[in-house]
1. Please compute the length gained on full extension between LYS332 and GLU692, using 0.36 nm multiplied by the number of residues separating them and subtracting their Cα-Cα distance.
2. When Lys and Arg each count +1 and Asp and Glu each count -1, what net charge do the other residues less than 13 Å away from GLU237, Cβ to Cβ, add up to?
3. Give, as a single signed number, the net charge of other residues whose beta carbon lies under 14 Å from the beta carbon of VAL184, with Lys and Arg counted +1 and Asp and Glu -1.
4. Could you pull out the trypsin sites (Lys or Arg not before Pro) across region 288-381 that fall in loop regions by DSSP (anything but H, G, I, E, B) with no more than 11 other Cβ atoms inside 10 Å?
5. Could you tell me what percent of the DSSP beta bridges with both partners in the chain are antiparallel, to the nearest 5?
6. Round to the nearest 10 and give me the degree value, 0 to 90, for the angle of helix 353-374's Cα axis relative to the longest principal axis of the chain.
7. Angle between the Cα long axis of helix 327-340 and the longest principal axis of the chain, 0 to 90 degrees, nearest 10?
8. Counting only helical runs of four or more DSSP H residues, what would the 222 nm mean residue ellipticity of the chain come to if each run contributes -39,500 (n - 2.57) and the total is spread over all its residues?
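The values are calculated or read from the model by the stated rules, or taken from the named source; none is laboratory data. Being a predicted model, the structure only gives us computed values, none of them experimental. Using ideal geometry, Cβ is built from the backbone for each residue, glycine included, and neighbour counts are taken over all protein chains shown. Accessible surface is based on the protein model in full, side chains and every heavy atom, while ligands, DNA and RNA are left aside. Shrake-Rupley method; radii C 1.70, N 1.55, O 1.52, S 1.80 Å.
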Amino acid sequence: KINPGKWIAPTIPGESPDDFASDLVGSGDLVLLSSTSGMDPDDSEAKDPLRGCRYVAAMELAHEPRIRRHLRNIYRRHAFLTTRPTKKGIEVIDAFHDYYGLHLIKDKPIKEHFPMDENESAERRANLGPDECNELDAEMKRRERDSCLQYLNIIKAEKTGYISVHVHLPLLQHYDEWYALGDVYDSRDKQDLKVLMDELDKIYFPLDVDSDEWNEERKKVLTQALISFLLPQFESETRRDLREAAVKVGVVAAGESLHKMAMDGPYRPHVLLHTENRFLHPTDDLPMVGICCPSDTKEAMYLAAVTEDGELQDHLAIPGGSRIDSEKYREKVITFLMQARPAAVLIGTSGGFDSRLLSRKMNDLINEAVQRWGNRGIQGEDEEDDEFEARQDAMRKILPRSHLHDEDDDRLEWTCNVDLVDDSIPQLFGRSVRGRKEFPEHDTNLKIATSIARYAKDPLAELAYAWSVASDTGNFGAELLYINIHPMQQLLPSFMLLREYERTLCEVVSEVGVDVNSACKYDHLHGLLTFVPGLGPRKAANLKQNIMESGGTVGSRRSLLEKRLMGPVVYNNSVVFLRIRETDQMLDQVVHPLDDTRLHPDVYHRNNWAAKIALDALERAEGDGKNRESAGLKALRDVMDNSAKEVERIYNATKEEWVSRYGPTFNVADWDPKINVPQDAWRDKVEELDLEAFAEMIEANGLGKWQSHLQMIKWEFRLPF
């Protein structure tokens, strides 16, 4: 019985190919192509009457979807990527060139750019354990990522005309100077087609024995189908898929670079950088001075002093062509620094060598300003009383409402350092629409200096601020495309980059949270609200408007819902990312300590599990009536203080052990208790509780499953926002 879905190779018994062709020509069913193609009639190829038949057969075979799908998979497993330098590349690329190494890639397997084939993956996992399988997966992902990023560089190099790229099967013979033989890779008949021919032979040759003449004609058909149709198609598809895979990996890599930029955190002055960890001593809101060092000496240089909230407080202009340490401006700069008393002076790097030279000069000026400030109440041995009194009067003008000898005022104990920071984002701000809107009358370099100080204080806020302006086409975040976030970003589609940047900023904001009061009060911080999960641009703008109309300050998360500043659905989705921190306007209010954590109010207001855990950890009674809430708040603060002290104890113990083994090389800044501390090392009060039993008791009472929430409560006691 014949299966109509099965391919059966046709045969012509009793006739040779020449006889079959002669009969067709004689009957008029076949026309010699030499009579219509303009070829030389004496050419043996032109005299072949079956040449057109083979072409049609090869084309039909190559366009069969099932054949193409099967051969495409085989081609991917056996194809290679090779790059060669062009004539221009040979002259330009040396050992110090950016493309060195990319111009001499020989026979790199194409399959390294894609996920592992299922059959190959099953074979390699056959005798591996779970841990070994995880290591294999990690290694394959790393190889795929590295290969795709390398291909992006190859695309960039190919566009410059320095290298040529070839996708091919293994060559029939080895060539010593393969990099100089371009025709070898351009000619497909010099590639080893056996792996594809063997598959085609299985279906195109008849099962019964046929004559050698007809089998030779079949081989010609298969060879023509591969060389003229299938191989060009496979090469084009492979190049396309290589680019698509590389673009996807490149977009993810660009998002990771943006994530790293946004998670850098506030600039830590040198007095904190090498002595204190962020988990022990978070970087407070500090006053900063930003300096824009223009590349054009004719432009004015600006020093911008910003407050703890990032607002421009004062500025000083140094006209173009003037030296900041000249006799005319030296005293002005020192007085400006003593008035602002910043924690650090940040200089933008766009000035190049001039920025480095300026940092040296500013270091001398800062040292003199700090020294003068430290000696403001001390009379020198050779200083006359009149001179000392005059100096005191000058200090009183700098601090008209402060006490010069009040040692309890932290602002009067001043230390400062100078540093260089990347100012690519501030440069955008100085020339952007948002810059003109916020500072319509200020010079461009003053806007840049202000943004430099803000960027040092909060890189995430400046990135979110840059996103907040739409382009002419209505797309938000277009300014980020002008920032050098990733070396390969110019090769990536802008819409994919913006989508990845938006997702990345949402992730970072959800990790660090947003102070809702500051974000609503200051325009340069409002962009953070846009990336709060559950809000977005319109809901964030509506929330800001509602808060400003209700007094400008929110005292608790619960008041967001009670005052109808947010709807219940939006509130449930976004409230865990909105932080309530104490401000000067909230001195008469009691701020709930868990309103500045990642915990949802359901676990410490509606169900009150957090207070229960804190009271049990401290072995205290809940209290009753009016004392119950105050007892719970006190227990929460005490247990969080206990966990904070435990973090400090673990840090000191870890550092002491490291120093005893390896010397004073402990990396203070990168120590992370979430990663570097094993579970059994914790000794705080909350660790003594059996939260699993507590969760089982809650579930037994029909209140649902809360174990994951209880574990999160424990970790928020230790490591809040």
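1. Result: 123.2 nm gained on full extension.
2. Details: positive: ARG68, ARG69, ARG72, ARG76, ARG239, ARG240, ARG243; negative: GLU235, ASP241, GLU244.
Within the 13 Å Cβ shell, the charges total +4.
3. That works out to -3.
4. On the way: sites: LYS298, ARG323, LYS328, ARG330, LYS332, ARG356, ARG360, LYS361, ARG372, ARG376; in loops: LYS298, ARG323, ARG376.
Those satisfying the criteria are LYS298.
5. Looking only at bridges with both residues in the chain, the antiparallel portion is about 65 percent.
6. Computed tilt is about 20 degrees.
7. The answer is roughly 80 degrees.
8. That comes out to -16000 deg cm²/dmol.
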